[in-house]
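J.: Have a look at this one.
The values are calculated or read from the model by the stated rules, or taken from the named source; none is laboratory data. Just so you know, these numbers come straight off a predicted model, no measurement behind them. Here the Cβ positions follow ideal geometry from the backbone for every residue, glycine too, while neighbour counts run over all protein chains shown. The protein model used for the area step is the full one, side chains on, heavy atoms only, and it has no ligands, DNA or RNA in it. Shrake-Rupley method; radii C 1.70, N 1.55, O 1.52, S 1.80 Å.
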Amino acid sequence: MSTDMSLSAWIDGIGLLAPGLPDWTHGRAVLAGREPHVPAPTVLPAPMVLPANERRRASRVVRVALASGLAALEQAGLDPSSVAAVFAASTADGHNCHALCETLASSDQRVSPTRFHNSLHNTPAGYWSIATGAMAASQSLAAYDASFAAGLLEALVQIHATAAPCVLIAYDAEYPEPIASLRPIPDAAGIGLALSPQAGPRSVARVDIHLGDGPVTTLGTPSLETLRTTIPALRGLPLLQALASGSGGEFAVEYLSPLSLHIRLTPC
């Protein structure tokens with residue numbers, strides 16, 4: 001079964017930051033099978049686009065969101081200050097959440113204002129506007145393990161409604177213990193997709209999506225499949241693998257049960 005609604009856009013830029021996949025250039029070679037995937041902790045670059053005070057306060061989710069989104073827009077040749085953005089993450093900032101819980105469980109329950117504002121789900125969107133001067137609309141959403149698909153769906157709905165480019169930034173980061181035992185996300189990771197309503201000189205593929213049912217697409221490399229299943233933002237790896245191989249095709253990623261998001265990729 002599938003819905004009648006189909007949405008489409010053109011992918012003009014890709015950003016990637018994940019364990020053993022430090023950027024899209026290296027990640028493309030790994031996902032295409034030209035290089036092996038060597039698992040390694042994610043190295044988050046310093047967010048130099050932020051003023052010094054905000055740079056010191058930037059959490060891991062902020063840093064991974066900025067890095068993956070800016071990389072996608074740089075490849076697309078788009079000005080971040082003028083592009084609408086969709087931020088999609090399964091959770092907010094795990095480390096700040098942990099610190100707030102510790103404070104509330106202590107005898108001194110005074111919450112740090114900095115801790116509080118960094119714990120909000122839309123904090124990366126706020127830091128994005130500070131870093132880029134963006135005045136365009138932004139959305140911050142969460143759909144647990146379906147967050148990547150929900151973000152892609154929202155981005156294409158916006159493109160359909162506005163006929164203007166949009167950047168999807170899907171990201172997640174780990175929790176410390178004891179929350180990690182209940183939500184075991186192993187590391188930080190992010191995917192950025194710069195999307196446009198029409199094909200342009202930097203477009204790499206057309207993406208068409210619709211909701212349906214049926215199994216989701218898995219990855220043949222065990223270490224990459226582990227990333228796909230343990231870091232919600234990386235549910236989008238099948239899309240990146242299709243982009244890396246240049247072959248296109250049709251596949252499905254997790255959405256809200258019993259539905260999945262079906263994607264058809266047509267390379268330029």
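J.: Taking only region 165-203 into account, find how many residues are in contact (Cβ under 8 Å) with a residue 40 or more places away in the chain, farther than 25 Å from V61 by Cβ and surrounded by fewer than 19 Cβ atoms within 10 Å (Cβ to Cβ).
T.: Number of matching residues: 5.
J.: Something else: Of the residues L16, L78, which single one is within 12 Å of L193 (Cα to Cα) and either in contact with an Asp or Glu (Cβ under 6 Å, 6 or more places away or on another chain) or in a loop (DSSP other than H, G, I, E, B) (or both)?
T.: Selected residue: L78, the only one of L16, L78 that is within 12 Å of L193 (Cα to Cα) and either in contact with an Asp or Glu (Cβ under 6 Å, 6 or more places away or on another chain) or in a loop (DSSP other than H, G, I, E, B) (or both).
J.: While we're here: Regarding S119, is this residue open to solvent by less than 50 Å² (accessible area, probe 1.4 Å), out of contact with any Pro (no Cβ under 9 Å at 6 or more places or on another chain) and of a type in the set (S, T, N, Q)?
T.: yes
J.: Go through region 209-257 and give me each residue that's assigned to a loop (DSSP other than H, G, I, E, B) and more than 15 Å from S147 (Cα to Cα).
T.: Scanning region 209-257 gives D213, G214, P215, T217, T218, L219, G220, T221, G246, S247, G248.
J.: Taking the stated definitions as given, is S82 closer than 22 Å to P176 by Cα and among the small types (G, A, S)?
T.: When the stated conditions are applied, S82 does not pass them.
J.: While we're looking at this one, here's another question. For residues that are open to solvent by 70 Å² or more (accessible area, probe 1.4 Å) and either in contact with a strand residue (DSSP E or B) (Cβ under 9 Å, 6 or more places away or on another chain) or touching a residue at least 12 places away in the same chain (Cβ under 8 Å) (or both), scanning just region 103-116, find the one that is farthest from A143 (Cα to Cα).
T.: Among those residues, the one meeting the criterion is R115.
J.: Condition test on E250, is it of a type in the set (D, E) and without any contact (Cβ under 8 Å) to a residue 12 or more places away in the chain?
T.: So E250 does not fit the description; no.
J.: What's the number of the condition L152 fails, among (1) at pLDDT 95 or above; (2) surrounded by fewer than 24 Cβ atoms within 10 Å (Cβ to Cβ); (3) not charged (D, E, K, R)?
T.: In the conditions (1) at pLDDT 95 or above; (2) surrounded by fewer than 24 Cβ atoms within 10 Å (Cβ to Cβ); (3) not charged (D, E, K, R), L152 misses (2) alone.
J.: Which members of region 209-268 meet the condition of being modelled with pLDDT under 95 and open to solvent by less than 20 Å² (accessible area, probe 1.4 Å)?
T.: Scanning region 209-268 gives a single hit, G248.
J.: Please work out which residue is surrounded by the most Cβ atoms within 10 Å (Cβ to Cβ), limiting yourself to region 50-95 and to residues that are more than 19 Å from the chain's Cα centre (by Cα) and over 21 Å from S203 (Cβ atoms).
T.: So the residue we want is L50.
Per-residue answers, yes or no, for (1) among the acidic types (D, E); (2) outside any helix (DSSP H, G or I); (3) in contact with a Ser or Thr (Cβ under 6 Å, 6 or more places away or on another chain); (4) more than 20 Å from P184 (Cα to Cα):
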| site | (1), (2), (3), (4) |
| --- | --- |
| V64 | no, no, no, no |
| S68 | no, no, no, yes |
| T91 | no, yes, no, no |
| H117 | no, no, no, yes |
| H121 | no, yes, yes, no |
| A125 | no, no, yes, yes |
| W128 | no, no, no, yes |
| Q139 | no, yes, no, yes |
